[in-house]
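First comes the structure, then the notes that go with it.
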Amino acid sequence: MGIFDNNKFQSTNQDWKLPKEIFDKLNNEFHFDKELATSECNSLMENHFTEKENALKHKWIGRNYVNPPFKFASKWVKKAYNESQNGGMICMVIPSKTNTIWWHRYCMKAKEIRFICGRPLFMREGYEGNHHGLPFPLSIIIFEKTNQQTVYSTFELPTTKNKKGQEESK
């Protein structure tokens, strides 16, 4: 059995922004009305809730995008599931924590789960140090009221050519 220590990935900042090309691909599909978890520097939409407005205290109406603070993902997932049962559509990008109670209680009841293939490079204003992407898997969860079984699929990241002419994920 392995021994865990404090040498693990973590960030004191929770305001990382999804790469624009990934957001645009999702927005082109879902036509979001509002972004629900933003700080002053990571919003991708004009219509959004800020940290001070705290989207967890509001009703989520319409078609919504959420890139929640990962350390609080369970609260956001529970809220997203509950709001979807009241008619909202919520598309979230979260860590694939398939070993947690909240994943099984809420994500497994989502309309769709898309496992992200690759390591997207999240952005943060004024910070250029993110060159390798996150060291853990991510998923796009689509919550919307449905009587159908959850659909599982893969979300392929946009690719570019490296110096050797080989394709690699952004």
Legend entry - Pick from region 23-38, criterion buried (at least 18 other Cβ atoms within 10 Å of the Cβ) and not charged (D, E, K, R), ranking: farthest from residue 61 (Cα to Cα): 23
Inset, instruction - Quickly run through region 82-101 and pick out the residues that are under 23 Å from residue 147 (Cα atoms) and either hydrophobic (A, V, I, L, M, F, W, C) or open to solvent by 40 Å² or more (accessible area, probe 1.4 Å) (or both). - result: 82, 85, 86, 87, 89, 90, 91, 92, 93, 98, 101
Inset, instruction - Any residue in region 80-96 that's within 16 Å of residue 56 (Cβ to Cβ) and at pLDDT 95 or above: show its pairings with residues that are aromatic (Phe, Trp, Tyr) and not in a strand (DSSP E or B) at Cβ separation under 7 Å, as long as the two are six or more apart or on different chains. - result: 81/106; 83/60; 90/60; 92/76
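Look at residue 30 and say whether it is more than 18 Å from the chain's Cα centre (by Cα) and either at negative phi or modelled with pLDDT of 85 or more (or both). Reasoning before the result, please.
Working: more than 18 Å from the chain's Cα centre (by Cα): no; either at negative phi or modelled with pLDDT of 85 or more (or both): yes.
So residue 30 fails the test.
The rows are residues; the columns are (1) at pLDDT below 65; (2) closer than 20 Å to residue 71 by Cβ.
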{"residue": "113", "(1), (2)": "no, no"}
{"residue": "137", "(1), (2)": "no, yes"}
{"residue": "140", "(1), (2)": "no, yes"}
{"residue": "165", "(1), (2)": "yes, no"}
{"residue": "168", "(1), (2)": "yes, no"}
Legend entry - Condition check for residue 104: open to solvent by 60 Å² or more (accessible area, probe 1.4 Å), more than 22 Å from residue 26 (Cα to Cα) and either hydroxyl-bearing (Ser, Thr, Tyr) or modelled with pLDDT of 90 or more (or both): yes
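The values are calculated or read from the model by the stated rules, or taken from the named source; none is laboratory data. If you're wondering where the values come from, they're calculated on a predicted model, not measured in any experiment. Ideal geometry is used to build each Cβ from the backbone, glycine not excepted, and the neighbour counts take in all protein chains shown. The accessibility values were calculated without ligands, DNA or RNA, using every heavy atom of the protein model including side chains. Shrake-Rupley method; radii C 1.70, N 1.55, O 1.52, S 1.80 Å.
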